[in-house]
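The values are calculated or read from the model by the stated rules, or taken from the named source; none is laboratory data. Just so we're clear, the structure is a prediction, and the values are computed from it rather than from any experiment. Here the Cβ positions follow ideal geometry from the backbone for every residue, glycine too, while neighbour counts run over all protein chains shown. Keep in mind that these areas ignore ligands, DNA and RNA; they rest on the heavy atoms of the full protein, side chains included. Shrake-Rupley method; radii C 1.70, N 1.55, O 1.52, S 1.80 Å.
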Amino acid sequence: MTTDVDVADTKPAWRAHGAARRSTHALRLRVSATLVAVTVLAVLLVPPLVQLDQQAVDLAAKLRPPSWAHLFGTDDVGRDLLLRCVYGLRVSLLVGVVAALTATVIGTAVGAAAGALGGRADRLVMRLVDTLSSVPHLLLGIFIVAMFRPGVWPVVISVALTHWLSTARIVRAEVLSLRSRPFVDAAVSGGASRWRVTVRHLLPGVLPQAGLAAVLMVPHAMWHESALSFLGLGLPTHTASLGTLIQGARGSLLAGQWWPTLFPGLFLILPTLAIAGLAGVWRERINPRRRSELML
């Protein structure tokens with residue numbers, strides 16, 4: 001038999017556990033928000049404030065290690081690596097954001113249409129989604145970019161056309177859940193058309209999930225762009241992106257110069273982890289079950 005003393009002893013333990021989880025949650029939020037803010041400020045402010053040409057070649061200063069003159073060192077042709085990393089992050093972030101937004105719009109439209117129409121249309125659309133999902137993203141992306149000249153927009157198109165599938169599944173599942181709600185039944189009983197029900201009732205209900213999918217897709221798109229550029233199929237080699245910087249530093253790494261590879265890699269890893277951390281906090285806020293578990 002459980003006594004009142006035992007119950008009283010267990011309550012502080014649960015509260016302490018919940019307080020520790022909330023503290024970890026708040027710390028993750030602050031760290032992620034700080035990293036994202038630093039990333040945005042660096043991308044926006046460093047290029048106009050630092051009066052240096054990131055393409056300027058100085059063979060006399062090539063492959064110099066980090067110092068006060070060059071905080072991240074120089075690359076194999078003497079260019080300042082810090083400035084190149086900032087410009088590379090700028091391009092990779094642009095590709096990631098634009099591709100994620102485009103993929104989210106496509107996935108939301110397809111998923112909402114499939115869920116709202118139902119029946120044969122739903123089954124046909126989802127079989128198409130399953131078929132495209134069976135092809136690895138990278139292989140399909142390589143096939144798409146191979147049809148264009150190297151550049152930013154072919155990479156954006158490639159990433160967008162290979163990353164809308166998961167969003168379509170999420171939106172369709174949310175639409176099917178919303179279709180069974182009483183307010184949708186009331187709207188249909190009141191004579192609302194399928195188009196009106198979809199636009200006025202279903203789409204607003206899936207926007208939080210679609211927005212979360214877009215945020216989570218940004219890091220994925222950045223890594224996808226970096227992989228394509230590393231393989232020489234994405235951006236031109238003279239364009240500073242994190243993938244081209246890492247690709248160009250392979251020879252230096254084999255020769256013992258670690259900084260041309262380390263710093264672009266950190267510029268890729270840290271912002272993507274920060275964005276993923278913010279997306280995780282967002283997911284906990286829009287998921288009531290997860291939020292209630294967090295408060296235990």
Out of Leu245, Leu270, I need the residue that is touching a Gly at 6+ places or on another chain (Cβ under 6 Å), of a type in the set (A, V, I, L, M, F, W, C), part of a helix (DSSP H, G or I) and at pLDDT 80 or above. Which one?
Leu245
What single numbered condition from (1) at pLDDT below 85; (2) open to solvent by 10 Å² or more (accessible area, probe 1.4 Å); (3) within 30 Å of Ile170 (Cβ to Cβ) fails to hold for Ala279?
(2)
Take Ala61 and tell me if it is open to solvent by 50 Å² or more (accessible area, probe 1.4 Å), hydrophobic (A, V, I, L, M, F, W, C), over 16 Å from the mean Cα position of the chain (by Cα) and over 26 Å from Trp153 (Cα atoms).
no
Within segment 77-152, considering only helices (runs of 4 or more DSSP H) that don't extend past its boundaries, which have at least 1 residues that are open to solvent by less than 10 Å² (accessible area, probe 1.4 Å), closer than 25 Å to Glu174 by Cα and touching a residue at least 40 places away in the same chain (Cβ under 8 Å)?
81-117, 119-133
Selection from segment 39-50 of residues under 12 Å from Leu89 (Cα atoms) and open to solvent by 80 Å² or more (accessible area, probe 1.4 Å) yields Leu41, Leu44
Could you name every one of the helices (runs of 4 or more DSSP H) located completely within segment 157-199 that has at least 3 residues being modelled with pLDDT under 85 and open to solvent by 70 Å² or more (accessible area, probe 1.4 Å)?
182-189, 194-197
Could you check His220 against (1) open to solvent by 50 Å² or more (accessible area, probe 1.4 Å); (2) more than 30 Å from Met147 (Cα to Cα); (3) touching a residue at least 24 places away in the same chain (Cβ under 8 Å) and say which number it fails?
(2)
